[in-house]
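See structure below.
The values are calculated or read from the model by the stated rules, or taken from the named source; none is laboratory data. Please read these numbers as outputs of a predicted model, since none were measured by experiment. Backbone-built Cβ (ideal geometry, glycine too); neighbour counts: all protein chains shown. In case anyone asks, the SASA skips ligands and DNA or RNA and just uses the protein heavy atoms, side chains included. Shrake-Rupley method; radii C 1.70, N 1.55, O 1.52, S 1.80 Å.
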Amino acid sequence: MGLFDRFKRKKVPEPAAPALSISAPEALPEPDTKAVILLDREIDWTAVSKTVAVHFDDQALAFNALNAPNAPAMTFTLEGKEFFCSYFAMPYPAQVYDLSSLQVGLFSPQEREKLLSHKCFLVLSQQGGGTSLEEKRKICRLFTRLTGALMELEGAIGFFLPSAELLISRRLYLQNTAVLEKNRDNPEYFPAPLWISIRSGQKGETSLVGTWGLQQFGFLELWFLDAKSPWPELYEKLYLMSIFQITGKELYQNMDTIAFTPDNPSTFKELNGALFIVGGSI
């Protein structure tokens, strides 16, 4: 069995038409995409436009609204898609989301300290473009490239994705965007660590490890229930399974089975808006 064969689900035949699941293709992704770039100092808008021009071209700056009193902004057009970027000269409001509540993410303890002490932030958004899984995937890849360009600004220190409650340091974000650049022509690649967070927890004596963020692509979250494998293996499985769904290679649904090792399948069971992976050798 090949490495990727382990992540192919086996559909159990059903005598009657299956009930509609929110993980079915009819469940559309969230059309809007938004994220926050954290800064440790005030920035010059000229530097923003220059940075984008270096990575893309001069035509990327389509509209400039520098005189907006509360939130100066500009609009970028990339491959026909419009991205809106606004600047706020204050810390990200705790009443919107308390970043200090995020104990786990893609950052070191020292980087987390720096992220929490940010002084101001950018909001980057794309409205209405993610109307299908293919379009959402395209938007997110462009969004990642644009964010990677902005992350090279002097003063940029990190990234926060509200839809996945995911906090990432500048260092690790740029590492992942570099991988995306190398795979720009590979339709089977998607930078899942920048869009999906991995959570772990405990319910009684049962351990839980799963995704947070697949809902923005129209899928149920994936959770391992009482898994015994080392956490790096579980993280790898969850990222790969997420990539397979986001790139359209797989669609995991209730009562499908999956065999991470031959002849020892696990079963997907839908509960409370998530797919729990139970049994088998996990």
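Structural remarks
- Checked against (1) under 16 Å from the mean Cα position of the chain (by Cα); (2) open to solvent by less than 30 Å² (accessible area, probe 1.4 Å); (3) free of Cβ contacts under 8 Å to residues at least 40 places away in the same chain, VAL209 passes all but condition (1).
- Residues within segment 156-177 that are open to solvent by less than 10 Å² (accessible area, probe 1.4 Å) and within 22 Å of GLU42 (Cα to Cα), tallied: 9
- Yes/no for GLU188 being closer than 27 Å to ALA27 by Cα and either touching a helix residue (DSSP H, G or I) at 6+ places or on another chain (Cβ under 6 Å) or among the polar types (S, T, N, Q) (or both): no
- Residue check for LEU180: crowded, with 19+ Cβ neighbours inside 10 Å and either in contact with a helix residue (DSSP H, G or I) (Cβ under 8 Å, 6 or more places away or on another chain) or within 25 Å of VAL104 (Cα to Cα) (or both): no
- All of PHE76, PHE88, PHE107, PHE83 fail the test of being over 27 Å from PHE56 (Cα atoms) and open to solvent by less than 70 Å² (accessible area, probe 1.4 Å), apart from PHE107.
- Considering the conditions (1) open to solvent by less than 10 Å² (accessible area, probe 1.4 Å); (2) in contact with a strand residue (DSSP E or B) (Cβ under 8 Å, 6 or more places away or on another chain); (3) within 19 Å of LEU167 (Cβ to Cβ), LEU220 is excluded by exactly one of them, (3).
- Any hit, segment 131-139, residues being closer than 29 Å to ALA27 by Cα, assigned to a loop (DSSP other than H, G, I, E, B) and either open to solvent by less than 10 Å² (accessible area, probe 1.4 Å) or among the β-branched types (Val, Ile, Thr) (or both): yes
- Filter pass, PHE260 being modelled with pLDDT of 90 or more, aromatic (Phe, Trp, Tyr), farther than 24 Å from PHE159 by Cβ and open to solvent by less than 20 Å² (accessible area, probe 1.4 Å): no
- A count restricted to segment 32-51 and to residues that are assigned to a loop (DSSP other than H, G, I, E, B) and open to solvent by 60 Å² or more (accessible area, probe 1.4 Å) stands at 4.
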